[in-house]
Amino acid sequence: MNRRHCATAAITLVCALALLTATGQAMAAPVPDPSPSPSSSSPAGPTPRYSTAELEKVREQIETLYRKAGAATDAYNLAEEQTKKQSGEIVKLAKAIVDGQARIAALKDRAGAQAREQYRNGGLPPGAQLALSNDPKLFLDGINKVRQSQQASKSLLSDLNQTQQDLETYTQDASANWEKLETNRVKQAKAKKKINAQIKAAEKLESQLEKKERDRLLQLERDAADKAQTAWLSSGAVKDVSGEASEAGAAAVAFATAQIGKPYVWGAEGPGSYDCSGLTSQAWLAAKRPIPRTSQEQWRLLPRIDIQDMRPGDLIIYHADASHVGMYVGDGAIVHAPRPGRNVTLAGAGSMKILGVVRPDK
């Protein structure tokens with residue numbers, strides 16, 4: 001931490017996040033409020049336990065822990081989504097197996113009926129009975145019956161064989177899906193354990209701070225975000241961004257911004273709390289455009305666009321591992337669920353390292 005930053009650590013920075021729906025201007029850089037000069041008669045406060053540089057290191061540690069928790073949350077959410085899918089497949093296969101078993105029983109009953117009919121006719125097949133007939137008319141009339149009987153027998157055997165094959169396939173698929181289900185459950189358990197460990201470690205670090213230090217930590221967090229946002233805006237990244245939201249995009253933005261103030265809870269999809277991708281996936285679901293549940297799957301599967309082409313409703317994916325996502329709302333800002341201990345809020349779109357932008361309704 002350089003001397004200039006240390007000298008200005010107590011300055012409160014206010015970031016004005018006004019959404020300009022008509023102009024699409026980039027969000028203004030944060031402007032510091034002037035600090036009142038300390039009175040010469042004021043008694044000196046207690047010496048902080050942590051210097052600004054030390055507190056900044058604590059902030060970075062906490063941020064790293066929460067980022068790791070975010071990545072583990074994505075793994076948990078993906079495993080949960082896959083578990084639901086596998087459970088649904090198993091239910092379908094179980095029904096198919098029951099139906100297949102019932103069909104086989106019915107086909108076997110038909111085969112038994114044919115055998116009993118043959119027994120009643122003296123054990124002779126229809127062809128032999130026809131050949132022994134002395135009645136020419138009966139012989140001619142019976143030809144079609146023989147053919148029909150042969151076709152029925154052939155069809156019966158074919159149906160029986162096909163149904164048995166299908167039943168074997170269903171059984172194998174069900175077994176494979178059970179294995180996948182168990183694998184995903186193990187993944188969920190590991191991810192949950194990792195999430196809890198990372199969050200507890202971060203909370204422990206923060207709990208060791210006094211209230212004034214926690215306030216300073218929050219200010220350092222805001223300062224870091226403001227610095228990154230200012231640099232991003234200064235780079236001209238959003239200079240020509242002026243796209244207007246689609247109808248679905250506007251609906252998604254309306255839903256997401258209506259959740260501002262609700263707490264972050266990992267794995268949550270509302271309505272009372274959200275994690276980052278829970279917020280974005282539910283917002284687009286409200287706009288009648290279902291998208292993948294996790295930020296990593298959103299990055300992998302949704303169409304990607306250039307930053308210069310983005311419009312409100314698009315999703316900005318953050319960090320190299322795609323472990324965080326926010327929804328662009330225009331004016332250089334996003335709405336997102338930051339991390340445990342924070343609420344859904346507006347923030348600068350450039351306040352974190354951007355991986356790329358995706359468009360759910362492209």
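The values are calculated or read from the model by the stated rules, or taken from the named source; none is laboratory data. Being a predicted model, the structure only gives us computed values, none of them experimental. Methodologically, a virtual Cβ is constructed for each residue, glycine included, from the backbone with ideal geometry; neighbour enumeration extends over all protein chains shown. We work out accessible area using only protein heavy atoms, side chains counted, and drop any ligands, DNA or RNA first. Shrake-Rupley method; radii C 1.70, N 1.55, O 1.52, S 1.80 Å.
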Report task. Compute the length gained on full extension between ALA286 and GLU203: take 0.36 nm times their separation in residues and subtract their Cα-Cα distance, giving the result in nm to one decimal. Result -> 26.6 nm
Query - Accessible surface, 1.4 Å probe, highest first, among residues ILE307, ILE291 - result: ILE307, ILE291
Requested in this report: Mind checking segment 197-269 for trypsin sites (Lys or Arg not before Pro) that DSSP puts in a loop (not H, G, I, E or B) and that have at most 16 other Cβ atoms within 10 Å?
Outcome: LYS239
Report summary line: Taking only the Cα positions of segment 232-342, the convex hull volume per residue in Å³ is 103
Report summary line: With the 8 Å Cα cutoff and a minimum separation of six or more residues, segment 209-299 has a relative contact order in percent of 19
Query - Gain upon complete extension [LYS180, ARG110; 0.36 nm per residue less C-alpha separation] - result: 21.4 nm
Query raised in the report: When the accessible area of segment 248-362 is computed with all protein chains present and a 1.4 Å probe, what percentage of it is carbon and sulfur?
Result: 54
Query raised in the report: For the pair ARG49 and SER242, how long in nm is the line joining their label points, each one 7 Å along Cα→Cβ?
Result: 5.4
